[in-house]
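Notes follow the structure.
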Amino acid sequence: MNSFNIEVQSWVDGVMFFSIDKLKEIGKFNENYFGDCESEDFNYHIRENGYKIYRVILSYIHYSDPFKS
């Protein structure tokens, strides 16, 4: 069974998808941050430029019997 859900978020970390045009508009990641803080700064600039951040939730359940030949 597959499920699909979209939620508005205040920030996202991990995998982000956006166009090159939006990256140029928002600006690149700040290289002065250490660790994971650059993604929080980038999320701030996304919202500051009037964009919303969405989290798309996809669930896939796949089962195969490893003992079946």
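The values are calculated or read from the model by the stated rules, or taken from the named source; none is laboratory data. Small disclaimer: the values here were computed from a predicted structure and weren't measured. Reconstructed Cβ throughout: ideal geometry from the backbone, glycine too, with neighbour counts over all protein chains shown.
Inside the range 37-55, can you point out the residues that are over 21 Å from residue 7 (Cβ atoms) and in contact (Cβ under 8 Å) with a residue 12 or more places away in the chain? Quick ask: steps written out before the conclusion?
Our first condition is that a residue be over 21 Å from residue 7 (Cβ atoms); within the range 37-55, this holds for 37-38, 41.
41 - this is the single residue of the range 37-55 that is over 21 Å from residue 7 (Cβ atoms) and in contact (Cβ under 8 Å) with a residue 12 or more places away in the chain.
Of all residues in the range 12-35, those that are farther than 15 Å from residue 50 by Cα have Cβ atoms under 7 Å from Cβ atoms of residues that are at pLDDT 80 or above and assigned to a helix (DSSP H, G or I), 6 or more apart or on another chain, in 12/43; 29/42; 30/41; 33/41.
Results for (1) exposed (fewer than 12 other Cβ atoms within 10 Å of the Cβ); (2) more than 14 Å from the chain's Cα centre (by Cα); (3) among the hydroxyl-bearing types (Ser, Thr, Tyr); (4) modelled with pLDDT of 70 or more, shown as yes or no for each residue.
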position: 10; (1), (2), (3), (4): yes, no, yes, yes
position: 24; (1), (2), (3), (4): yes, yes, no, yes
position: 44; (1), (2), (3), (4): no, no, yes, yes
position: 59; (1), (2), (3), (4): yes, yes, yes, no
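Candidates are the residues of the range 26-42 that are of a type in the set (Gly, Ala, Ser) and surrounded by 12 or more Cβ atoms within 10 Å (Cβ to Cβ); the one that is modelled with the lowest pLDDT is 39.
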